[in-house]
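Data first, discussion second: the structure below is written as structure tokens.
The values are calculated or read from the model by the stated rules, or taken from the named source; none is laboratory data. Bear in mind that the values here come from a model prediction, so they are computed numbers and not experimental data. When we count neighbours, we look across all protein chains shown, and the Cβ atoms used for this are built from the backbone with ideal geometry, even at glycine.
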Amino acid sequence: MEGLGISSVFLIGLIILVFFVFVNSIKVVPQRQAFIVERLGKYHETLLAGFKIIVPFIDKISYRHTLKEQAIDVASQICITKDNISVEVDGILYLQVVDAQKASYGIDNYSFAAIQLAQTTMRSVIGKLELDKTFEERDSINSVIVGAVDKASDSWGVKVTRYEVKNITPPQSIKDAMEKQMRAEREKRAIIAESEGTKQAKINVAEGDKQELIARSEGEKQKRINEAEGRAAEIEAIANATAQGITQIAAAIGNKNGIDAVNLRVAEQYLQEFGKLAKTTNSMIIPQNMNDVSSVLATAMSVIDHSKQKK
């Protein structure tokens, strides 16, 4: 009975040992992770996602790596710009393990090494730029840092995907000076915009005055043309009427008793004009033959006869 009890205990212990060894030999690797297996202290294989079995007591999982992209915060540091201004700069480094074996044996701590290299490269890049350019050249700064860190990390089995500068913080005195400069620049732009508006307004007013003067001169020109045409038409009408009157008078003179009518009309006109002259002045020079109206008529008729002879 005692021997049977010892055998049972041994069997149970053996079963437990086998179960423990079996459990330890089973490894389940999560998705996007890689396990480095060492056999007797030497690299043996890389286990990727899935159900895996290793040899207990001989194989050992020495390193576990995530294959997902990692965002590593790069602590802020003081950098000196080209114009000797101290600025505080920080950023974020994005990297990914692409070779788990190199990441395990190529460097002791790739994250720490990448951060240190990013900081030293940042100081070098900032030192080549003036303060104003550091705010404008963020993209170029990021590209330079990514290139430098990615080149060095190639032997680490790590791929640097990108780097982003988070903050560039100058001293408070520089902030105050920059604020004054920006305020002055805004005021300058406001004054320029206002002057441009005033200039454009004056141009518009001048253009309007010009158009008004042109329109007014065109109207005045047309008015004068119309008045000239009216006067010409009036003169032409008067001339035509005068010519027609003279023609009718000449025709009437040629008729019977026409000369007598002319003598009568001339005598009437003579007497009317002489009467007007007597009303407007107190002193008159009276012709010698004033009492002889027939002599006046004879003189007038002689002029008419003379005109007929010329015709």
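Summary table
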item	result
Those residues of region 130-155 which are in contact with a Ser or Thr (Cβ under 7 Å, 6 or more places away or on another chain) and either acidic (Asp, Glu) or modelled with pLDDT under 90 (or both), in sequence order	Glu130, Leu131, Thr134
Subset of region 156-190 [at pLDDT 90 or above and part of a helix (DSSP H, G or I)]	Trp156
Condition broken by Leu129, with the remaining ones in (1) free of Cβ contacts under 8 Å to residues at least 40 places away in the same chain; (2) over 15 Å from Ala71 (Cα atoms) satisfied	(1)
Scan of region 98-134 for residues that are part of a helix (DSSP H, G or I), buried (at least 18 other Cβ atoms within 10 Å of the Cβ) and within 32 Å of the chain's Cα centre (by Cα), ordered by number	Ile126, Leu131, Thr134
Criterion (surrounded by 13 or more Cβ atoms within 10 Å (Cβ to Cβ), out of contact with any Gly (no Cβ under 9 Å at 6 or more places or on another chain), closer than 16 Å to Thr169 by Cα and in contact (Cβ under 8 Å) with a residue 60 or more places away in the chain) met by exactly one of Glu137, Glu88	Glu88
Selected residue [surrounded by 14 or more Cβ atoms within 10 Å (Cβ to Cβ), modelled with pLDDT of 90 or more and in contact with a strand residue (DSSP E or B) (Cβ under 8 Å, 6 or more places away or on another chain)] from Ile36, Ile80	Ile36
Filter result (touching a strand residue (DSSP E or B) at 6+ places or on another chain (Cβ under 8 Å) and within 22 Å of Ser25 (Cβ to Cβ)) within region 54-77	Ile54, Val55, Ile58, Asp59, Lys60, Ile61, Ser62, Tyr63, Arg64, His65
Residue selected from region 1-33 under the condition charged (D, E, K, R) and surrounded by 10 or more Cβ atoms within 10 Å (Cβ to Cβ), by the criterion farthest from the chain's Cα centre (by Cα)	Lys27
